[in-house]
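A.B. asks: The structure is given below, and queries will be raised subsequently.
The values are calculated or read from the model by the stated rules, or taken from the named source; none is laboratory data. Computed from a predicted structure; not experimentally measured. All Cβ positions, glycine included, derive from the backbone under ideal geometry; neighbour counts span all protein chains shown. For accessibility, only protein heavy atoms count, side chains too; no ligands or nucleic acids. Shrake-Rupley method; radii C 1.70, N 1.55, O 1.52, S 1.80 Å.
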Amino acid sequence: MSMMAGVLVLNSLKDNAAQERLSGNFQKKMNARLVAEKGVFDTYNYLNGQLAANPNQSLEQLIAAMQTSGSATGIANMSYQLTANITTGSNQLSLQSDGFRFDGETKLKANFELVSASSQSSSAFGGGIIGCDGVTISGSGKIDSYDSSQGDYATTLPSGNKNINTDVTVRTLNDNDKIILSGTGNIDGNLIAIGSVEFNSSAHIAGNVFSNGAIDMFNNSTIGGNATAYGYFNQQNGSVAGNIHTNRYVNLRQTQVDGNITTGGYVYALGNTIGGDILAAGNIDLRQVNVNGVAQTYANYAQYEGSVFGVRAKQGVTLSSSYSQIRNNNLVYAGNGDFAKEWSGAPDSAYLNPPYKVQAPEPILQQVALVEKLPVDDGVLDPNDPNDITCDPLDIENAVLTLDAFADNAQDLEVRDIGSAATVYTLSNTEADYNYWPSASSKPAAIPATNARFLGKTQSILMYDNVNIKGNIAIKAGHNAVMYVKGNFSLSGASTLTIPDDSSLTLIVKGALIIGSGSTINTPAKGLTKNGIPVFSIFSSYSGTGVDILGGVEQIYAAIYAPLSDVHIASAVDFKGSVLGKKVKVSGAGGIHYDEALGLAKVGNVSTNSPASLVFKGWQSY
């Protein structure tokens, strides 16, 4: 009995020792995980702090100064080692943290995305050309971008490059809208349509084209990037330098595609070449097409003449011409075969048998990824979604209505041409007055500014009813004048508006606005003052065709915010700045050059730009 009791005691002690070791190992493992998490969160906070101090840093610049090791304060032998990896050609960062506690070790990997300030912007002026309910472009000028903080458009920079960029977006925001291109101009940027895109011209798009609906292209149009459609893609002539990705189908006639084609429907192509692979959930029908990649379909494959590097078909294969070629006999299919010729001297019947014909579920194909819709404008901006945007983030109608109570006694303003280049009327922060009047005794009194609230900021505002300018007006040097027009505003004839350096005019119009073809607007080369105010900004709450810019004899600079108004720009001279309207129509030979500096503009107490930041995208397990 004593011996048996001794054995039981010894086994119990052995079990207790094992359990203690297991418990200790578990504790070490938990501590290692905790310190690994600490490494991730400490680094995440550090990198976002660096971005707050300098939002223009790249991922490479951020991680160059990053600490690669650390420890837990107050606890011995708890440490972490960090490894950062940037996905080539993207803003994706993976951060691996190895945590240690004695011989316990845990590996964690967190994925982040660098979301730039411009893409997060709720900017009143950010982006380029935004037509909430549609954009029509029929002009022949170029649409591109520049940065006025570096100088005027197309000027030579210290680097030797021209101040001309491709960071412009033409986009819409609502269902059933369209971007229609019927001119011959170039768009050196991207197109984004919540509705559909229609090319009725030979326009060239340097960037990507995205549509929640369809993309229809005719008359030799070209896309320099990718074409993505939630619906279908249809092109006749022209080319696509990138990939095509749709949910419904792809229809090509004499169209060159340099990249891949992916669709949840069928692919039909007649003539020309496809540089990459084809992946379709539906049938693939190629006629006189050369494909440098592999054609893969979950349905049937048909080819008339032309050549392809390889074919993978879940169902049947038909080669209806003796000139059809599948290079290197690179063929696998699971349905019926119908072949019009011999390959490499072998009889046709050879391709009705393995290894060419296989049993389902072979061949194994890639999964067809579906295109996801971009969000429709619901009137609410999600600051955590870089793709979300709303037509009227400033609620302009209510913002303008608040000014009416201060404009009960507002009077009309008419500035006439006096036959010289002299300034007739001057606006300042505190008042506006005529510099010239035919009779001193009948000269109208100066208009004092009224303290009123606009866009969350109480400021001095000059109040008018209707304004008709047929002479020369100017902003006083060093002043930021704000003008509210309760009625209509017109700048016509040979009139001029002059805004000196480091001065600005904020024009708020409740009625219609017209800038005539003979007028001149002189603005500084820099689009923002040193305080971040656009040198010339237009806010309109008018419902209907409310903003008409019919030209000018020199380049016009303006930041237009008119989410309830149809905006028409028809000019033979260039327009610089930005446009946001309910519907936007662009015609004429003049170009439109979006000023990237406007993405950092200040409007009232509303900053139009959110800071750049790292956004957590999830954990990656081992």
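A.B. asks: Could you list all residues from segment 435-471 that are hydroxyl-bearing (S, T, Y) and modelled with pLDDT under 95?
C.D. replies: Residues of segment 435-471 that are hydroxyl-bearing (S, T, Y), as a first pass: 436, 439, 441-442, 450, 458, 460, 464.
Y436, S439, S441, S442, T458, listed by residue number.
A.B. asks: Just the residues that are crowded, with 17+ Cβ neighbours inside 10 Å and under 17 Å from I592 (Cα atoms), please, taken from segment 143-165.
C.D. replies: Scanning segment 143-165 gives I143, D144, S145, Y146, D147, S148, Y153, N163, N165.
A.B. asks: Based on this model, can you work out whether S420 counts as open to solvent by 40 Å² or more (accessible area, probe 1.4 Å) and in a loop (DSSP other than H, G, I, E, B)? Working first, answer last.
C.D. replies: On the way: open to solvent by 40 Å² or more (accessible area, probe 1.4 Å): yes; in a loop (DSSP other than H, G, I, E, B): yes.
Judged against the criteria, S420 is a match.
A.B. asks: In segment 156-185, which residues are basic (K, R) and either more than 28 Å from L374 (Cα to Cα) or over 14 Å from the mean Cα position of the chain (by Cα) (or both)? Please lay out each step first, then the result.
C.D. replies: Start the filter on segment 156-185 by keeping residues that are basic (K, R), which leaves 162, 171, 178.
Of everything in segment 156-185, those that are basic (K, R) and either more than 28 Å from L374 (Cα to Cα) or over 14 Å from the mean Cα position of the chain (by Cα) (or both) turn out to be K162, K178.
A.B. asks: Given the criteria assigned to a strand (DSSP E or B) and either under 25 Å from A299 (Cβ atoms) or polar (S, T, N, Q) (or both), does N234 qualify?
C.D. replies: Values: assigned to a strand (DSSP E or B): yes; either under 25 Å from A299 (Cβ atoms) or polar (S, T, N, Q) (or both): yes.
Yes; evaluated as a whole, the condition is true for this residue.
A.B. asks: If you don't mind, there's one more thing I want to ask. I'd like to verify a number: residues in segment 592-619 that are modelled with pLDDT of 80 or more and under 27 Å from A570 (Cβ atoms), how many?
C.D. replies: Residues flagged as modelled with pLDDT of 80 or more and under 27 Å from A570 (Cβ atoms) within segment 592-619 amount to 9.
A.B. asks: Among the strands (runs of 3 or more DSSP E) confined wholly to segment 118-192, which include 1 or more residues that are among the small types (G, A, S)?
C.D. replies: Details: elements: 128-131, 135-137, 143-146, 169-171, 178-181.
Once the strands (runs of 3 or more DSSP E) in segment 118-192 are filtered for at least 1 residues that are among the small types (G, A, S), what remains is 128-131, 143-146.
A.B. asks: Assess whether M463 counts as being open to solvent by less than 40 Å² (accessible area, probe 1.4 Å), under 20 Å from I538 (Cα atoms) and without any contact (Cβ under 8 Å) to a residue 60 or more places away in the chain. Even if it seems obvious, please write down each step before you answer.
C.D. replies: Details: open to solvent by less than 40 Å² (accessible area, probe 1.4 Å): yes; under 20 Å from I538 (Cα atoms): yes; without any contact (Cβ under 8 Å) to a residue 60 or more places away in the chain: no.
No, not satisfied.
A.B. asks: Picking from K510, K476, K470, K486, which residue would you name as being more than 30 Å from G544 (Cα to Cα) and either buried (at least 22 other Cβ atoms within 10 Å of the Cβ) or touching a residue at least 12 places away in the same chain (Cβ under 8 Å) (or both)? Quick ask: steps written out before the conclusion?
C.D. replies: Working: K510 fails: more than 30 Å from G544 (Cα to Cα); K470 fails: more than 30 Å from G544 (Cα to Cα); K486 fails: more than 30 Å from G544 (Cα to Cα).
Result of the check over K510, K476, K470, K486: K476.
A.B. asks: Does segment 268-283 contain any residue that is touching a strand residue (DSSP E or B) at 6+ places or on another chain (Cβ under 6 Å), in contact (Cβ under 8 Å) with a residue 24 or more places away in the chain, surrounded by fewer than 18 Cβ atoms within 10 Å (Cβ to Cβ) and assigned to a strand (DSSP E or B)?
C.D. replies: No, segment 268-283 contains no residue that is touching a strand residue (DSSP E or B) at 6+ places or on another chain (Cβ under 6 Å), in contact (Cβ under 8 Å) with a residue 24 or more places away in the chain, surrounded by fewer than 18 Cβ atoms within 10 Å (Cβ to Cβ) and assigned to a strand (DSSP E or B).
A.B. asks: Okay, moving on. Being assigned to a loop (DSSP other than H, G, I, E, B), farther than 15 Å from I284 by Cα and modelled with pLDDT of 90 or more narrows it down to one of Q315, Q359, so name that one. Even if it seems obvious, please write down each step before you answer.
C.D. replies: On the way: Q315 fails: farther than 15 Å from I284 by Cα.
That would be Q359, the only listed residue that is assigned to a loop (DSSP other than H, G, I, E, B), farther than 15 Å from I284 by Cα and modelled with pLDDT of 90 or more.
A.B. asks: Between a residue in segment 131-144 that is at positive phi and any residue that is charged (D, E, K, R), which pairs come within a Cβ distance under 9 Å, given they are 6 or more apart or on different chains?
C.D. replies: Sorted first by the residue in segment 131-144, then by its partner, the pairs are G134/D177; G134/K178; G134/K582; G134/K583; G134/K585.
A.B. asks: Could I ask something else about it? With respect to the numbered conditions (1) closer than 18 Å to G128 by Cβ; (2) modelled with pLDDT of 95 or more; (3) open to solvent by less than 20 Å² (accessible area, probe 1.4 Å), which one is the sole condition not fulfilled by D566?
C.D. replies: All conditions pass for D566, except number (3).
A.B. asks: Looking only at residues that are over 40 Å from the mean Cα position of the chain (by Cα) and on the phi > 0 side of the Ramachandran plot in segment 295-343, which one is surrounded by the fewest Cβ atoms within 10 Å (Cβ to Cβ)?
C.D. replies: My answer is N328.
A.B. asks: Restricted to segment 59-86, and to residues that are in a loop (DSSP other than H, G, I, E, B) and without any contact (Cβ under 8 Å) to a residue 12 or more places away in the chain, which residue is surrounded by the most Cβ atoms within 10 Å (Cβ to Cβ)? First the steps, then the outcome.
C.D. replies: Of the residues in segment 59-86, the ones in a loop (DSSP other than H, G, I, E, B) are 65-68, 72-77.
With without any contact (Cβ under 8 Å) to a residue 12 or more places away in the chain added as a condition, the list becomes 73-74, 76.
On the way: T73: 7, G74: 6, A76: 9.
Top of the filtered list is A76.
A.B. asks: Now a separate question. Using the structure shown, decide if A525 is under 19 Å from S503 (Cβ atoms), of a type in the set (G, A, S) and either open to solvent by 10 Å² or more (accessible area, probe 1.4 Å) or more than 23 Å from the chain's Cα centre (by Cα) (or both). So that I can check it myself, show each step before the final result.
C.D. replies: Values: under 19 Å from S503 (Cβ atoms): yes; of a type in the set (G, A, S): yes; either open to solvent by 10 Å² or more (accessible area, probe 1.4 Å) or more than 23 Å from the chain's Cα centre (by Cα) (or both): yes.
Here the answer is yes, as A525 does meet what is asked.
A.B. asks: Kindly establish whether N292 is open to solvent by 50 Å² or more (accessible area, probe 1.4 Å), under 26 Å from P361 (Cβ atoms) and not aromatic (F, W, Y).
C.D. replies: Details: open to solvent by 50 Å² or more (accessible area, probe 1.4 Å): yes; under 26 Å from P361 (Cβ atoms): no; not aromatic (F, W, Y): yes.
No.
A.B. asks: From F199, F112, F125, grab the single residue that is more than 12 Å from the chain's Cα centre (by Cα), of a type in the set (F, W, Y), surrounded by fewer than 24 Cβ atoms within 10 Å (Cβ to Cβ) and at negative phi. Don't jump to the end; show me each part of the working.
C.D. replies: Working: F199 fails: surrounded by fewer than 24 Cβ atoms within 10 Å (Cβ to Cβ); F125 fails: surrounded by fewer than 24 Cβ atoms within 10 Å (Cβ to Cβ).
After applying the criteria, what remains is F112.
A.B. asks: List, please: which pairs have Cβ atoms under 7 Å, are six or more places apart or on different chains, and start with a residue in segment 206-221 that is among the hydroxyl-bearing types (S, T, Y) and end with one that is part of a loop (DSSP other than H, G, I, E, B)?
C.D. replies: Sorted first by the residue in segment 206-221, then by its partner, the pairs are S211/Y230; S211/G231; S221/S201; S221/S202; S221/A203; S221/G238.
A.B. asks: Report yes if Y436 is under 24 Å from A494 (Cβ atoms) and more than 42 Å from the chain's Cα centre (by Cα), otherwise no.
C.D. replies: The answer is yes for Y436.
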